[in-house]
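Colleague: Sharing a structure, written as structure tokens. Questions coming.
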């Protein structure tokens, strides 16, 4: 992918001259925020989301819900969500999904419950991301959806204010969001829904577990006792106030900074129990040589002076792959990151992008059918393109801590889920001991 490198908007990734010693508060979880606001929009009364993530993806989500007749009031540290009058959503205009998988897959089912014609479109890359399974499922469940050519964006949903629902079979091996998008709205379908997955394993299953748990908190009856089958009974959603946990996946680059610099980083508020996939960082970073402690202060990662390679199946936590690949490029033994073929359909083809950009800095890396193999090699500076992918940008920042002269294209792409990334990174470095 190196031929697409853009030579503008370069950010010189700062190098850590000493070991980092910092406490880094992480904003709220995007996954929890997105689900909470959709459930609030479909609930029987007003709800409050405390500590939501305020970033491009979540703003696109609330703007999309507003276009469907939902009132979202923003205040310092909280959002108040008021469903449409009498629970009937009103749809109008075109919803901009940006390059957000959550918006493009969570909101079309909601739009089916609106009355009106609602368009969906987004960034150029969004028009390439897979949508067919969820669109086909919605049609089986009674939706009328038009596309201009293939089951990708742009699409038009003709909402009638209701959806019959029923049973549907789909292949969700490209994204767990296909399942979550259906489950979030299913209780409002006339007959609920039974979703059966048929195909290779669903990636990122902790995200589906999060969806199920949040639905149950809203009083929805969900049966997930049969593997790869989720059944949601029809009924009201009870409004619940939600306090959003820190986004554990967004903590990855900061915790990795402690490992690669032989320093220490604490993320306060790290939950002892959570459905977030990012919780796996505890075990993954420990396997790569870190000392990891979870206590009342939060999660503390301390570098031990060595960085080991990693052999791991990341199928359930694919969003951690870019940062782990960056750390693996600095390791003293080979790494094999497996189970993440689905990353080819994310914000960019993450496997091809990581292979190309890490190779450009001197890494010995190759793509496999479902991941990356990385071998120790001396790294050098150079331009690291991000392809409008926030997780590539944060991975590049980790490399820049210990590799001189890493120039990152479009660090501003981190605004997708972490708008203050550069300021947070700079503050962390000021804590160098």
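Colleague: Kindly indicate the residue of the range 320-332 that is out of contact with any strand residue (DSSP E or B) (no Cβ under 9 Å at 6 or more places or on another chain) and surrounded by fewer than 24 Cβ atoms within 10 Å (Cβ to Cβ) and also nearest to residue 401 (Cα to Cα) among those meeting that condition.
Modeller: Taking the candidates together, the pick is 330.
Colleague: Still on this structure, I have one more. In the range 388-433, what count of residues is obtained for those that are within 16 Å of the chain's Cα centre (by Cα) and either in the same structural domain as residue 54 (by TED's automatic domain parsing) or assigned to a loop (DSSP other than H, G, I, E, B) (or both)? Explain how you work it out, then say what you get.
Modeller: Residues of the range 388-433 that are within 16 Å of the chain's Cα centre (by Cα), as a first pass: 388-395, 413-419, 421.
Then keep just the ones that are either in the same structural domain as residue 54 (by TED's automatic domain parsing) or assigned to a loop (DSSP other than H, G, I, E, B) (or both); that gives 388-389, 417-419.
Residues in the range 388-433 being within 16 Å of the chain's Cα centre (by Cα) and either in the same structural domain as residue 54 (by TED's automatic domain parsing) or assigned to a loop (DSSP other than H, G, I, E, B) (or both): 5 in total.
Colleague: Taking the conditions exactly as written (in the same structural domain as residue 217 (by TED's automatic domain parsing), closer than 22 Å to residue 39 by Cα and in a loop (DSSP other than H, G, I, E, B)), does residue 159 satisfy them or not?
Modeller: No; evaluated as a whole, the condition is false for this residue.
Colleague: Tell me, which strands (runs of 3 or more DSSP E) lie completely within the range 37-131 with 2 or more residues that are touching a helix residue (DSSP H, G or I) at 6+ places or on another chain (Cβ under 6 Å) and farther than 19 Å from residue 157 by Cβ?
Modeller: In the range 37-131, 47-50 are the strands (runs of 3 or more DSSP E) which contain 2 or more residues that are touching a helix residue (DSSP H, G or I) at 6+ places or on another chain (Cβ under 6 Å) and farther than 19 Å from residue 157 by Cβ.
Colleague: Quick test for you: out of 299, 205, pick the one residue that is touching a helix residue (DSSP H, G or I) at 6+ places or on another chain (Cβ under 8 Å) and in the same structural domain as residue 102 (by TED's automatic domain parsing). Show your work before the answer.
Modeller: Working: 299 fails: in the same structural domain as residue 102 (by TED's automatic domain parsing).
Selected residue: 205, the only one of 299, 205 that is touching a helix residue (DSSP H, G or I) at 6+ places or on another chain (Cβ under 8 Å) and in the same structural domain as residue 102 (by TED's automatic domain parsing).
Colleague: Do we find that residue 232 is touching a strand residue (DSSP E or B) at 6+ places or on another chain (Cβ under 7 Å) and over 18 Å from residue 138 (Cβ atoms) in this structure?
Modeller: No: the conditions fail for residue 232.
Colleague: Which residues, taken from the range 337-365, are surrounded by fewer than 22 Cβ atoms within 10 Å (Cβ to Cβ) and more than 22 Å from residue 402 (Cα to Cα)?
Modeller: Listed by number, the residues that qualify are 338, 339, 341, 344, 345, 349, 352.
Colleague: Filter the range 1-15 for residues that are in contact with a helix residue (DSSP H, G or I) (Cβ under 7 Å, 6 or more places away or on another chain) and at pLDDT 95 or above; which is nearest to residue 409 (Cα to Cα)?
Modeller: Going through the qualifying residues, I end up with 11.
Colleague: Quick one: would you say residue 245 is touching a residue at least 60 places away in the same chain (Cβ under 8 Å) and either touching a helix residue (DSSP H, G or I) at 6+ places or on another chain (Cβ under 9 Å) or surrounded by fewer than 24 Cβ atoms within 10 Å (Cβ to Cβ) (or both)?
Modeller: It is true that residue 245 is touching a residue at least 60 places away in the same chain (Cβ under 8 Å) and either touching a helix residue (DSSP H, G or I) at 6+ places or on another chain (Cβ under 9 Å) or surrounded by fewer than 24 Cβ atoms within 10 Å (Cβ to Cβ) (or both).
The values are calculated or read from the model by the stated rules, or taken from the named source; none is laboratory data. Predicted, not measured: the structure shown is a model, and the values here were computed from it. Cβ: placed from backbone, ideal geometry, glycine included. Neighbour counts: every protein chain shown.
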